[in-house]
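Notes follow the structure.
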Amino acid sequence: MTFDEIRKQAESEWEALEASEKPRILIGSATCGRSAGALSVRLAIETELKRRGIDAVITEVGCIGLCYAEPLVDITKLGRPRICYSNVTPETARQLIGDYIINDNARPDLALGTIGDKGIEGIPMLFDLPVLKSQVRISLRNCGFIDPENINHYIARGGYSGLAKALGMSPEWVIGEIGKSGLRGRGGAGFPTARKWEFCRGAAGKGKYIICNADEGDPGAFMDRSLLESDPHSVLEGMLLGAYAIGATRGYIYCRAEYPLAIARLNIALQQMKEHGLLGESILGADFSFDIQIKEGAGAFVCGEETALIMSLEGKRGMPRSRPPFPAIAGLWGKPTDINNVETWANVSAILQKSGEWFAGYGTEKSKGTKNFSLAGKIRHTGLIEVPMGITIREIVYGIGGGIQDDKKFKGVQTGGPSGGCLPVSALDLTVDYESLAAAGSIMGSGGMIVMDEDTCMVDMARYFLSFTQAESCGKCVPCRVGTKQMLTILERICCGEGKSGDIEQLLKLCEVVKAGALCGLGNTSPNPVLTTIRYYRDEYEAHISEKRCPALVCKPLVSYYILPQKCQGCGICLRDCPVEAISGGKRMVHVIDQAKCTKCGTCLDVCPPRFSAVVKVSGEHITVPDKPIPVGVSEREKE
Amino acid sequence: MLECVFRFSARGEVNFLEKMPKRLEKIFNAYHGEKGTLVPILQEIQGEFGYLPEELFSEVARFLGISQNEIYGVATFYTQFRFTPPAEHTVKVCLGTACHVRGGADILDAVERELCTQQGGITSDRKFGLERVACFGCCALAPVMVVDDNVYAKMTVTKAKQILMEYGWEDKKA
């Protein structure tokens with residue numbers, strides 16, 4: 001079949017679906033949707049449809065990115081816009097079938113928004129909501145709209161047309177188009193993609209390789225998982241284009257084993273590509289052969305570094321080596337190898353489907369296009385977002401993110417995972433692009449964006465990231481192996497209230513050594529969380545060191561819990577729930593916490609009924625409480 | 001080939017070992033003549049047996065023509081591989097950044113306390129194994145706990161206890 005025939009077939013399948021008389025129900029069922037309960041919602045829908053004898057089309061789609069509103073169910077009826085319902089439970093799903101599908105009541109109370117030209121009274125347009133309005137969807141163009149397990153859906157929405165076009169042009173033309181787009185590597189470092197491809201194309205030798213880096217190891221990042229689960233073909237088409245441009249014959253996807261659904265959907269996608277003549281020998285009848293294999297990672301963060309990833313693919317310990325030679329010259333099995341990140345590949349297919357100029361129309365002068373972020377932490381609208389480069393952090397946090405959870409105070413945002421930094425309130429108006437973030441001491445990174453509020457301790461954050469990098473250090477070079485360990489030891493001491501004067505200076509010195517001396521990116525960037533927290537939150541370090549106080553009340557050795565005798569009514573709930581039996585008291589007796597036994601788990605604070613609010617958590621202050629339980633009301637009378 | 005695995009393991013599970021060669025051979029068959037297959041072979045062995053039985057290292061070494069040392073070096077480098085049989089249920093508490101910020105450590109503390117085992121450990125009845133993981137990629141639903149393959153979102157200490165009970169854990173205090 002020619003590509004035109006393939007496309008016509010796909011389009012007619014898609015149009016038939018769109019014009020279907022039957023109601024369509026789309027369920028967001030990427031891992032995030034599933035863990036929020038999408039599959040039990042699906043079961044409830046199926047049972048209810050059967051019970052009522054309704055014939056409907058159920059499609060599992062990927063993630064539209066509104067994770068805070070999961071599970072999401074969209075319903076389309078012929079001639080009506082698609083309605084997106086949020087936080088659907090099996091119960092509300094059953095109601096929707098009765099109310100909307102049968103009785104045509106769109107239930108605006110349960111709806112999040114409508115998709116399509118026409119609206120429905122009482123329901124806003126989905127893409128006019130603040131959470132979506134400033135987003136631009138390029139790499140996520142199909143996520144939530146297509147069935148990721150049906151290649152025809154992808155093709156009907158323009159998929160593989162970029163490949164078909166490129167195969168009629170020269171590889172140099174493809175590289176030129178990527179060059180015009182200004183696309184830079186989305187894995188974090190931001191190296192211009194076209195230049196990387198040029199190096200690899202120009203490298204001597206046959207049997208070149210393409211690798212898709214899907215070893216998304218940054219804790220707090222899930223952009224690539226979501227993309228692979230929701231639209232695997234956009235990544236695979238990108239890889240085909242890269243292979244054609246470079247002259248590679250074999251490709252690998254190195255994917256974390258922690259992403260079983262992504263791997264399953266990739267496998268289905270590869271099978272469908274073969275069936276459609278899009279993989280293997282003479283792709284689409286052209287003089288271009290290429291094959292892709294999936295390799296599962298085995299759990300090592302450092303394998304996200306390209307030379308370590310190559311070692312791992314070769315079946316060795318994933319330890320980085322020094323560059324040059326760069327993988328573009330000598331990579332996998334010593335052959336020229338091009339490695340790009342999942343998001344980069346999805347952008348490549350979008351660029352070739354449209355054009356380089358079109359892509360370059362988004363973003364800033366030096367950072368073109370869009371960037372995906374996984375927005376998480378203490379923010380209202382957690383989820384996966386795609387924003388044009390140049391947007392401010394304020395717009396992301398307060399516009400898209402809807403502000404801080406529980407109306408707390410914004411303290412900072414962490415970008416770039418363990419390699420990035422924590423940016424303070426003053427950075428809210430910083431624009432998101434490679435240069436600005438680097439100037440502020442952080443990095444763009446792969447796209448983790450964790451929002452922190454007043455209850456987050458920045459010293460603890462630095463300790464957390466260091467504990468991660470220290471554990472993940474491969475141990476090959478001394479600055480990283482020993483340096484991260486030393487930094488972690490100091491940070492742990494500070495968090496335990498055993499910090500000394502001079503610790504901050506010592507940390508800064510160590511940061512400098514590790515940054516300059518480590519062999520690979522993991523080591524070089526590991527001081528960033530420490531450097532930025534000292535730079536922007538030095539007062540918190542000082543409070544820990546000189547006052548033995550954790551202002552955010554996070555560091556357990558520095559906080560204490562007390563039961564206020566004026567407020568305690570002796571109800572016995574905390575006494576019953578304390579896991580270590582550190583609370584003494586009795587009926588109508590003021591309870592007392594034995595500070596020596598207390599493990600500071602916080603259970604008493606959680607369970608104390610709000611009408612009493614008798615438990616307090618403090619750091620650096622002493623609260624006077626009785627030594628032993630006393631009858632309720634005694635302390636009040638004493639006061640009078 | 002494969003004859004040497006017919007020996008008693010430390011626990012004397014001779015029947016268990018007798019079944020090994022066939023299962024191992026099946027795994028090897030898929031990898032004849034390929035390069036860089038040590039990691040996937042180890043992954044398949046773990047998938048088949050639940051862990052990497054030490055008794056099989058010599059066979060893997062022979063098949064790939066490398067030393068047992070090298071296999072051990074690779075197997076210990078990656079956190080995925082384990083050298084002891086897993087418990088009936090594996091509880092994984094996520095301590096990714098989002099989970100950390102939203103109190104993942106408290107969940108881990110609570111589960112450690114309730115199961116009376118540390119992370120990386122197994123309960124004495126071999127019913128539960130406890131692990132901490134760096135990130136599941138479900139950050140928007142933090143904090144997250146995973147039991148076997150089931151992801152549980154927005155955890156609290158109380159919810160964690162209830163979930164453990166669903167898998168047969170008994171609250172001795174209650």
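Annotations
- For A:ILE211, residues with placed amide H under 5 Å, excluding near neighbours: A:TYR252, A:ASP338, A:ILE339, A:ASN340
- Beta bridges per DSSP, both residues in chain A: antiparallel share near 60 percent.
- Note on B:ASP125 and A:SER20: with the Förster distance fixed at 60 Å, the Cβ-Cβ geometry gives a FRET efficiency of about 0.65.
- Inter-chain Cβ neighbour average for residues B:125-138, partner chain, 10 Å: 5
- Alpha-carbon centroids, segment A:375-442 and segment A:260-297: separation in whole Å: 36 Å
- Cα gyration tensor shape of segment A:13-129, rounded if a/c is under 1.5, else prolate or oblate by comparing a/b with b/c: rounded
- Computed from backbone phi with θ = phi - 60° and the Karplus coefficients 6.51, -1.76 and 1.60, the 3J(HN,Hα) list for segment A:441-452 is x, 9, 9, 4, x, 7, x, x, 9, 10, 8, 10 Hz; x is used for glycine and proline.
- Backbone geometry of segment A:347-352 corresponds, through the Karplus equation with coefficients 6.51, -1.76 and 1.60 at θ = phi - 60°, to 3J(HN,Hα) couplings of 6, 4, 5, 5, 4, 6 Hz, x marking Gly and Pro.
- Under 5 Å between amide hydrogens, built in the peptide plane, is the criterion, and for A:VAL61 it picks out A:ILE27, A:GLY28, A:SER29 among residues at least 5 positions away or on other chains.
- Over segment A:13-129, relative contact order from alpha-carbon pairs under 8 Å, at least 6 apart, %: 26 percent
- Cross-link table A:LYS133/B:LYS92; A:LYS587/B:LYS159; A:LYS597/B:LYS161; A:LYS378/B:LYS92; A:LYS165/A:LYS366; A:LYS378/A:LYS556, entries beyond 25 Å C-alpha to C-alpha: A:LYS133/B:LYS92; A:LYS587/B:LYS159; A:LYS165/A:LYS366
- Computed over chain A: relative contact order in percent, which uses C-alpha pairs under 8 Å that are six or more apart: 11 percent
- Taking other Cβ atoms within 10 Å as a rough exposure proxy, A:MET461, A:MET589 sort from fewest to most as A:MET589, A:MET461.
- Taking every alpha-carbon pair under 8 Å whose residues sit at least 6 apart, segment A:458-546 reaches a relative contact order of 38 percent.
- What separates the Cα centres of segment B:112-146 and segment A:318-369 is a distance of 37 Å.
- Between A:THR2 and A:ARG588, the C-beta separation translates, for a Förster distance of 60 Å, into a calculated FRET efficiency of about 0.10.
- Peptides B:55-66, B:39-50, A:616-627, A:480-491 ranked from most to least packed by the mean count of surrounding Cβ atoms within 10 Å: A:480-491, B:39-50, B:55-66, A:616-627.
- Inter-chain Cβ neighbour count for B:156-168, averaged per residue, equals 1 (cutoff 10 Å, partner chain atoms only).
- Magnitude of the charge dipole for the protein assembly as shown, about its Cα centre and with charges confined to Cβ atoms of Lys, Arg (+1) and Asp, Glu (-1), is about 1020 debye.
- Per-residue ellipticity at 222 nm computed for chain A from its helices equals -11000 deg cm²/dmol, with DSSP H segments shorter than 4 residues left out and the rest contributing -39,500 (n - 2.57).
- Computed from the C-beta positions of A:CYS496 and A:HIS622, the FRET efficiency with R₀ = 25 Å rounds to 0.85.
- Residues in segment A:467-474 carry Karplus couplings, in order, of 5, 5, 5, 5, 5, 8, 4, 6 Hz; the curve used is 6.51 cos²θ - 1.76 cosθ + 1.60 with θ = phi - 60°, and Gly or Pro positions show x.
- Cβ-placed point charges (K, R +1; D, E -1), dipole of segment A:325-415 about Cα centre in debye, nearest 20: 300 debye
Values in this text are rule-based calculations from the coordinates and carry no lab data. Remember, it's a predicted structure, so these values are computed and weren't measured experimentally. When we count neighbours, we look across all protein chains shown, and the Cβ atoms used for this are built from the backbone with ideal geometry, even at glycine.
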